[in-house]
Structure formats: structure tokens, C-alpha cells
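Asks: Structure provided below as C-alpha cells; questions to follow.
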Amino acid sequence: MAGVTIIFDDDSTIKLDATMSQDHQFGAEITDYPLEDGARAADHISVRPYKLTIRGIISYVPIVKPESPENRQPTRHTTGFDRLRRAITDREIVKVQTGLHVYTDMAFEDMGVRKDEPTYDVPLALTFKQIRFATAKTAAIPKDAIGKPPATATTPAAARQSVRNTRDQAGPKRTQGPVQRKPATPAQASKAQSLLNTLLSGKLKF
């Protein structure tokens, strides 16, 4: 099986000396809803992130030409193990090169190591998952809109500030004091007295 190379964000690499299996997973989420006749209609498809699972080995004897100076490095397998573990701890984004596809923007989701006996190799089970980054779109503001207050408040904080501005523009609230009663004029007093006399004498009929 074709070899697997992991490229880290500092451009360092680890090549697995043997690969037993590769599991490439692609999929999508399909949103559907029921119709009146009992059927289901699908109206949206969302592609899931890629997932890659690899089972391989890092050995202290890399698969190279015999005359290569890289042959037989006693700590190569432990150094590779430490580099993979550090990539998980530091949440690095890596590139994984396989015989089928080169995956970019991949993160370690899981790494398992099982050693049944003391040997000079590290059997690995690595799981990678694609990371997708959100991008924000920008737009130019028209010149005639700069400096103008918004027509309506778009957030609760803006709504509260709009109320405060309106209250400040209206000025302090005016309070009405106690009602001052004015004495009746002589004419009003005479008319009231005449009406009272008429009521008491019984001449006023209803």
C-alpha cells in the first residue's frame, strides 16, 4: 500500500514506514421533511468534513536505501511518536498525503498506540478530521450613509440608547404643584348667595 506522509505546520514531516489500512470517509447530511401524501422531500444537502483513519508503523529503521545515513536511528520511532503527540496537544493543522488524495486543513481527532512487546517500532492508529474555517464578507458603506443615525434600533442596547436620547432631547419632566384656589369676586359671591337663599326658601322648583 502506498506510503503516508504527515506534513506539519512548521513544514516538518513524518513518513510512516508501513501502512496496514486507510479508511477514507466522505459523506453528506440531507435534510428532509414529510409531505401530506406520506412521502418525504429533501431540500438541503450539507457536505460533512472529510475523515481519514490510518493504521501504520513508525520504526527505528526507515525504509530507505542501505547506503543512506538515515538508516538505523535508535530514537526515530520515539521521536516520531513525540512529534505526533505534540501536534495533538498544540492543536496543529496538518496536511496528510496518501496514495489516493492529499488532504489539507486536517486536525488530529484521535491517536492510539498499542505495543504488545518491547520492539523498536510504534504501531499507530491515527484519525484525522477536516477543519473548515468561516470567512466574513465585507461590503463598502455608501458615503451618503456615513454619519446618519440608523432609522431603527437593531439591538437591545441600541434601543435603550435611543430611548435615552429621546428623553434627553425632551428635557426635564415638568411637575405640577398644588392647585391654588382663588377667592370669588363680589359678583360671584352675590350670585351664589342669591341661589342659596332661593333653595332655602323653597321657591326653586325642579
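Derivation of every value follows stated rules applied to the coordinates shown; laboratory data play no part. Everything numeric in this text was worked out from a predicted model, so none of it was measured. Neighbour counts run over all protein chains shown; Cβ positions are idealised from the backbone, glycine included.
Asks: By the scheme Lys and Arg +1, Asp and Glu -1, what is the net charge of all other residues having a beta-carbon under 11 Å from that of Arg48?
Replies: +2
Asks: Still on this structure, I have one more. For the pair Arg85 and Thr185, how long in nm is the line joining their label points, each one 7 Å along Cα→Cβ?
Replies: 10.6
Asks: Quickly work out the Leu199-to-Asp23 label distance, labels modelled 7 Å from Cα along the C-beta direction, and quote it in nm with one decimal.
Replies: 10.2
Asks: Step through the residues of the range 34-43 one at a time and calculate ³J(HN,Hα) from phi using the Karplus curve (6.51 cos²θ - 1.76 cosθ + 1.60, θ = phi - 60°), rounding each to whole Hz and writing x for Gly and Pro.
Replies: Residue by residue, the range 34-43 yields x, 9, 5, 7, x, 6, 10, 10, 10, 10 Hz.
Asks: Would you mind counting up the charge near Tyr33? Only other residues with Cβ under 12 Å from its Cβ, with Lys and Arg at +1 and Asp and Glu at -1.
Replies: Result for the local shell: -2.
Asks: Another question about this same structure. Straight-line reach from Lys129: which aspartates and glutamates have a Cα under 17 Å away, not including same-chain ones fewer than 8 places off?
Replies: Asp9, Asp23, Glu29, Asp90, Glu92, Asp105, Glu109, Asp110
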